[in-house]
Amino acid sequence: MPIDYVCKKCKKVYSKTEYTQSGLCTTCGTFLLVTFHKDITEEVSFTQKGSPIYEQGHKEKMALFRAAESLRKRVGQIKEYEVVSEKESESQKPYVFENWLWRFEYEEALQFEKHLLKQYKGKLLEEALPGKVISNEYGQCYEISTSCCAKFKKVTYVESKHVLISDLKVISGIGPVNEQILKKQGYTTVEDLTRHSRWKKQAYAYMKLIDTKETCQVQKWLWHRLPKSHPLLHYLAGFCEDNNFVIVDIETLGLSERPIILLGIAKPVEDHICTTQFLLRDIHDEPSAIYALLSQLNPNLSLITYGGKNFDIPYIKQRLAYYGIDEYIDNINFDILHFTRRALKSKLADCRLDTVEKYLGIKRNVNIPGALVPHFYDTYLRTKNVGPLVPIVEHNRQDLLTLGTLFSKLYEEWTI
């Protein structure tokens, strides 16, 4: 059965050799789809048409063809974003979509793109985005480093310990009613429960983890007993050293199985937050950029992400597997999207980061909707004009800075 390797987006056809080398379209970076021709009347060389062996092969080919067609149809139906008008939002709230933007935002972004193409016509990447090309065993990518004055605050270990042992419900078998009874009996903390005949074994185990600052183990313990949005999991950050946090955010060409085009990290250092971003000059830079990010993440660092448990980190792992890079991410992860939903859901229309920024009083000088990042990068690949890269990099950098501010501000929202 004849097979073509076709780009879903630009319909360009590639050879089997080109497909084997990268599996990606060199024009737009989209994954190539294996397309089987519908002509299945070719005779099988080792048998005659009409024989049992031929009929079996015919059925297998038909089944494979139907599976490929079904997969192509599902991929084609994936919506990267939804454009919503104010009139449409009256009957359906826009935040029910996975990714959405207002129509006026969409139109403004397209006008902004035209302006950037004109402003940066003929300019080099180094002129538009000062940085340097870095190399590692997986190739090269472009590194951009900046530093911004910002205060990153977290609770102390003493404050964290006080909160984490004051909630008796962290012990299996103790609910709200039992907790009230025990506190009336004088057991006000988990440490007090080490003297209780029934609960002392669990209490001892929990207190040992607290006293030895076993952050990962305490997090797993709390996950078994509490929702992942519970304030106690946020207070657990007090167990980590001040310089052991790193904020992670990525920009991709889609919601799944497409290249990561920018990986950003930010490290709080005293009264500054230092950001480092690894940008793809073309799709072939992706493995190098991913490895460059991983080289910054030692096992002792605690990650801060926004939806990173379900998107950023799994996405990076997926791309590692795609390239066969034998690296792993198993750092403790403070996903503050969970905390934001719990703390601010009654105060915000939705929990998009730009909505949260308005609540925090943060204003962006240059910004594009996150849903349009793939569109801007596609324009860069198509035109070789570096202008559309500028707002992508700035968007990612501001996301990193916002997450640092939000992580600190959330402590003011809790009522423990």
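Is the shape of the stretch 173-235 best called rounded, prolate or oblate, per the rule: a/c under 1.5 gives rounded, else a/b larger than b/c gives prolate, else oblate, with a ≥ b ≥ c the square roots of the Cα gyration tensor eigenvalues?
Working: a/c = 2.17, a/b = 1.36, b/c = 1.60.
Oblate shape, in that a/c is at least 1.5 and b/c is the bigger or equal ratio.
Once you sort the root eigenvalues of the Cα gyration tensor of the stretch 278-398 as a ≥ b ≥ c, which label holds: rounded (a/c under 1.5), prolate (a/b larger than b/c) or oblate (the other case)?
Details: a/c = 2.30, a/b = 1.13, b/c = 2.03.
Judged from the Cα gyration tensor, the stretch 278-398 comes out oblate (a/c at least 1.5, b/c at or above a/b).
Rounded if a/c is under 1.5, else prolate if a/b beats b/c, else oblate: with a ≥ b ≥ c from the C-alpha gyration tensor eigenvalues square-rooted, which is the stretch 216-263? Mind showing how you got there, number by number?
Numbers: a/c = 3.48, a/b = 1.77, b/c = 1.97.
Oblate, because a/c is 1.5 or more while a/b does not exceed b/c.
Take the solvent-accessible surface of the protein heavy atoms, probe 1.4 Å, and return the percent of it on the stretch 291-396 that carbon and sulfur atoms account for. The partial results should precede the final answer.
Values: 2130 of 4540 Å².
About 47 percent, which is the carbon plus sulfur part of the accessible surface.
Would you mind checking the pairs LYS309/LYS358; LYS16/LYS384; LYS154/LYS317; LYS11/LYS358 and listing those with alpha carbons more than 32 angstrom apart? Can you show the working numbers first?
Details: LYS309/LYS358 24 Å; LYS16/LYS384 27 Å; LYS154/LYS317 28 Å; LYS11/LYS358 41 Å.
Violating the 32 Å limit, Cα to Cα: LYS11/LYS358.
Output the relative contact order of the stretch 290-367, whole-number percent, from Cα pairs under 8 angstrom with separation of 6+ residues.
Here the relative contact order equals 30 percent.
Just to verify a number: FRET efficiency for LYS200 and LYS132, C-beta to C-beta distance, R0 = 51 Å, to 0.05? Intermediate values should be presented prior to the final figure.
Working: r = 58 Å, r/R0 = 1.14.
Working from the Cβ atoms, E equals 0.30.
So what is the accessible area of the stretch 273-402 per residue, in Å², with the probe set to 1.4 Å? Don't jump to the answer; show the numbers that get you there.
On the way: 5010 Å² over 130 residues.
Per-residue accessible area for the stretch 273-402 comes out at 39 Å².
Which FRET efficiency value, to the nearest 0.05, do you get for TRP102 and ALA321 by plugging their Cβ-Cβ distance into 1/(1 + (r/R0)^6) with R0 = 41 Å? Could the numbers behind the result be given before it?
On the way: r = 36 Å, r/R0 = 0.88.
Efficiency at R0 = 41 Å is approximately 0.70.
Counting Lys and Arg as +1 and Asp and Glu as -1, each charge on the Cβ, what is the dipole of the stretch 210-346 about the Cα centre in debye, to the nearest 20? Kindly include the intermediate steps, with their values, before the conclusion.
Working: 13 positive and 17 negative charges, 144 e Å.
Result for the stretch 210-346 is approximately 700 debye, rounded to the nearest 20.
With a cap of 12 neighbouring Cβ atoms within 10 Å, and only residues DSSP puts in a loop, list the GluC sites (Glu not before Pro) found in the stretch 182-278. Before the final figure, lay out each step's value.
Values: sites: GLU191, GLU214, GLU241, GLU251, GLU257, GLU270; in loops: GLU191, GLU214, GLU241, GLU257, GLU270.
Here the sparse-neighbourhood loop sites are GLU241, GLU270.
What percent of all Cα-Cα pairs in the stretch 174-320 falls in each 10 Å bin, counting up from 0?
All Cα pairs, binned at 10 Å, distribute as 9, 30, 26, 17, 12, 5, 0 percent.
Which Cα, out of SER197, TYR187, PRO176, lies furthest along the positive dipole direction of the stretch 176-215 (beta carbon charges, K/R +1, D/E -1)?
Of the candidates, SER197 comes out farthest on the positive side.
Based on a Kirkwood Rh over C-alpha pairs, give the Stokes-Einstein translational diffusion coefficient of the stretch 111-160 at 37 °C and viscosity 0.692 mPa s in µm²/s. Kindly include the intermediate steps, with their values, before the conclusion.
Details: Rh = 15.2 Å.
My calculation gives 216 µm²/s for D.
Given the Cα-Cα distance of GLU18 and LYS151 and 0.36 nm per residue of separation, how much length would full extension add, in nm?
Values: separation 133, 0.36 × 133 = 47.88 nm, distance 4.90 nm.
Length gained between GLU18 and LYS151: 43.0 nm.
In whole percent, how big is the carbon plus sulfur part of the accessible area of the stretch 170-274, probe 1.4 Å, protein atoms only?
On the way: 2380 of 4990 Å².
Here it works out to 48 percent.
Report Rg (one decimal) and Dmax (nearest whole number) for the stretch 329-378, counting Cα atoms only, units Å.
In Å, with Rg to one decimal and Dmax whole: 13.9, 37.
The values are calculated or read from the model by the stated rules, or taken from the named source; none is laboratory data. Please read all numbers here as calculations on a predicted model, not as lab measurements. Note: ideal-geometry Cβ built from the backbone for every residue, glycine included; neighbour counts use all protein chains shown. Just the protein is used for accessible areas: all its heavy atoms, side chains included, with ligands, DNA and RNA removed. Shrake-Rupley method; radii C 1.70, N 1.55, O 1.52, S 1.80 Å.
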